[in-house]
Amino acid sequence: MKIQVVAFGIARDILQGTTQEIALGSSSKISDLKDVLMKEYPAFSELRSLRFAVNEEYQDDDFELKETDEVVIIPPVSGG
Amino acid sequence: MKIQVVAFGIARDILQGTTQEIALGSSSKISDLKDVLMKEYPAFSELRSLRFAVNEEYQDDDFELKETDEVVIIPPVSGG
Amino acid sequence: MIDIQLKEEPLSEQACQDLVKDDSAGGLVLFTGTVRNHTKGKEVIRLEFESYAPMALKEMEKIARAAMDKWDILHIAIHHRVGVLEIGEIPVLIAVGAAHRKAAFEACAYAIDTLKETVPIWKKEIFADGAVWVAAHP
Amino acid sequence: MIDIQLKEEPLSEQACQDLVKDDSAGGLVLFTGTVRNHTKGKEVIRLEFESYAPMALKEMEKIARAAMDKWDILHIAIHHRVGVLEIGEIPVLIAVGAAHRKAAFEACAYAIDTLKETVPIWKKEIFADGAVWVAAHP
């Protein structure tokens, strides 16, 4: 399946764009997406943390993705 | 010697006046002044606390008073 | 910077918070005390504050200096009002500016806690059926 | 009452503090974050904040609800600004109103601490010789 990921902050700089389509096997989890991103964009592994939000909620590594999900890469936040 | 005491808050209500002259033996301490006040105005013993300031500083029971001191009765404070 | 004020005129929260601003102070904490409309379930109509002014100023200054000694803060402002205050009006403001917020929170809480214990200011609550000097009796 | 705002326009401290006032709230605490002119000894020229807005609003709302659950507070307002901010400007305001001040201090400190960990907002510091996404790297 194909997942459209959205990136903010330094994640956007690393992806060199706000959105990116990532190809994953069927019934993939966030951990699989993370593996692909880290492999294709090694700069992700240098970040202090890397979280993912699905449909505006943080989700853990074992969350199963669907093609229709809104998946957002959340690099270390720094509001306030 | 004679000490002019100044009273604020409920202490003024108890003394029925802002100032009061209190007669004490020579080389009296705050503890002596307190004893006289408690005896003449029993309502002072009902307060949560009773402190004294001499020349704008808190002083303890064993502080020796002089006639020229500015002595202020400090009933429980409630600022803020 | 330390700023201590004791006055009869209304206090300004914005003016107090502005006093502790600084291009190197990233965190500011303001405590505002307001007159509540009830105490122990009884309706308060208004409050009257009086102070032993010269000593109150000295004690507020001591609190500010102690806060500067204990925490890494840049500025502290302590403003207290006296006289008659209606419900919702502000008897006290404490603003603290620091490079880091933890110090600002702790110093501000310390200052209001200590002010309520040491500064010679007295508050009388006026009810429909009488008046009480707050905290005078156990 | 919970009030959450995320906007490009300058934030108002007085407006935020006024939101948590209440005739039965005796203690109000306001935290103001400001843009500092340096970070680790290096001069900051300005900051740029961006957010994943719909989720940032949800996460701020969660913080406010958690604060209301954990402490006995009456009102909390969390306002965050995005866009370009100059030195001294205000990226964040958190105001809490409670009957007693201890709850207000603790809830306000909790809210800003949690906001900095969970709310998807990113800050870029602009220096004379480049720019850095704050806290991105260990």
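The values are calculated or read from the model by the stated rules, or taken from the named source; none is laboratory data. This is a predicted model, so every value here is computed, not measured. FYI the Cβ positions are ideal-geometry reconstructions off the backbone, even for glycines, and counts take in every protein chain you see. Please note that ligands, DNA and RNA were not included when accessible areas were found on the heavy atoms of the full protein model with its side chains. Shrake-Rupley method; radii C 1.70, N 1.55, O 1.52, S 1.80 Å.
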*Would you check if residue A:56 is at positive phi, within 14 Å of chain D (Cβ to nearest Cβ) and surrounded by fewer than 18 Cβ atoms within 10 Å (Cβ to Cβ)?*
yes
*When segment B:59-80 is examined, which residues are found to be hydrophobic (A, V, I, L, M, F, W, C) and facing another protein chain (nearest Cβ under 7 Å)?*
B:72, B:74, B:77
*asked:* Looking for something open to solvent by 40 Å² or more (accessible area, probe 1.4 Å), out of contact with any strand residue (DSSP E or B) (no Cβ under 9 Å at 6 or more places or on another chain), at negative phi and not basic (Lys, Arg) - is there at least one such residue anywhere in segment A:65-74?
replied: yes
_Every residue from segment C:106-120 that is of a type in the set (A, V, I, L, M, F, W, C) and closer than 11 Å to residue C:72 by Cα_ = C:107
*Subset tally (residues that are under 24 Å from residue D:26 (Cβ atoms) and either in a loop (DSSP other than H, G, I, E, B) or of a type in the set (Phe, Trp, Tyr) (or both)) for segment C:66-112*: 8
_I'd like to know if segment A:4-15 contains one or more residues that are surrounded by fewer than 19 Cβ atoms within 10 Å (Cβ to Cβ), facing chain D (nearest Cβ under 10 Å), at pLDDT 95 or above and closer than 26 Å to residue D:33 by Cα._
no
_Which condition from (1) in a loop (DSSP other than H, G, I, E, B); (2) within 21 Å of residue D:119 (Cα to Cα); (3) out of contact with any Pro (no Cβ under 9 Å at 6 or more places or on another chain) is the one that residue A:66 breaks?_
(2)
*Answer yes or no: is there a residue in segment B:1-23 that is in contact with a Gly (Cβ under 9 Å, 6 or more places away or on another chain) and part of a loop (DSSP other than H, G, I, E, B).*
yes
_Filtered residues of segment C:88-134 (kept if facing another protein chain (nearest Cβ under 8 Å) and at pLDDT below 95)_ = C:88, C:99
*asked:* Testing residue A:51 on (1) out of contact with any Gly (no Cβ under 8 Å at 6 or more places or on another chain); (2) farther than 22 Å from residue D:63 by Cβ, one condition comes back false. Which one is that?
replied: (2)
*In the list D:134, D:84, D:92, which residue meets the criterion of being closer than 26 Å to residue A:53 by Cα and in contact with a Gly (Cβ under 7 Å, 6 or more places away or on another chain)?*
D:92
*Please specify each residue of segment A:24-53 satisfying the condition of being over 22 Å from residue D:137 (Cβ atoms) and open to solvent by 70 Å² or more (accessible area, probe 1.4 Å).*
A:26, A:27, A:29
*Of all residues in segment D:43-54, count the ones that are open to solvent by less than 20 Å² (accessible area, probe 1.4 Å) and part of a helix (DSSP H, G or I).*
0
*Give the residues of segment D:55-80 that are closer than 24 Å to residue A:11 by Cα and open to solvent by 60 Å² or more (accessible area, probe 1.4 Å), sorted by residue number.*
D:57, D:58
_The one condition in (1) in contact (Cβ under 8 Å) with a residue 24 or more places away in the chain; (2) more than 10 Å from chain B (Cβ to nearest Cβ); (3) not β-branched (Val, Ile, Thr) that residue C:80 fails to fulfil_ = (2)
_Where residue A:8 falls short, out of the listed (1) in contact with a helix residue (DSSP H, G or I) (Cβ under 7 Å, 6 or more places away or on another chain); (2) within 17 Å of residue D:120 (Cα to Cα)_ = (1)
*Would you mind telling me which numbered condition in (1) closer than 29 Å to residue D:35 by Cβ; (2) at the interface with chain D (Cβ under 10 Å from one of its Cβ atoms); (3) within 13 Å of the chain's Cα centre (by Cα); (4) of a type outside the set (Gly, Ala, Ser) residue A:48 fails?*
(3)
*Say whether the condition of being more than 14 Å from chain D (Cβ to nearest Cβ) and either in contact with a Leu (Cβ under 6 Å, 6 or more places away or on another chain) or in a strand (DSSP E or B) (or both) is met by at least one residue in segment C:17-40.*
no
_Condition first: among the β-branched types (Val, Ile, Thr), open to solvent by 10 Å² or more (accessible area, probe 1.4 Å) and touching a helix residue (DSSP H, G or I) at 6+ places or on another chain (Cβ under 7 Å). Now tell me which residues in segment C:105-127 satisfy that._
C:114, C:118
_Considering only residues that are out of contact with any Asp or Glu (no Cβ under 6 Å at 6 or more places or on another chain), open to solvent by 10 Å² or more (accessible area, probe 1.4 Å), closer than 27 Å to residue C:8 by Cα and not charged (D, E, K, R), which ones fall in segment C:83-104?_
C:90
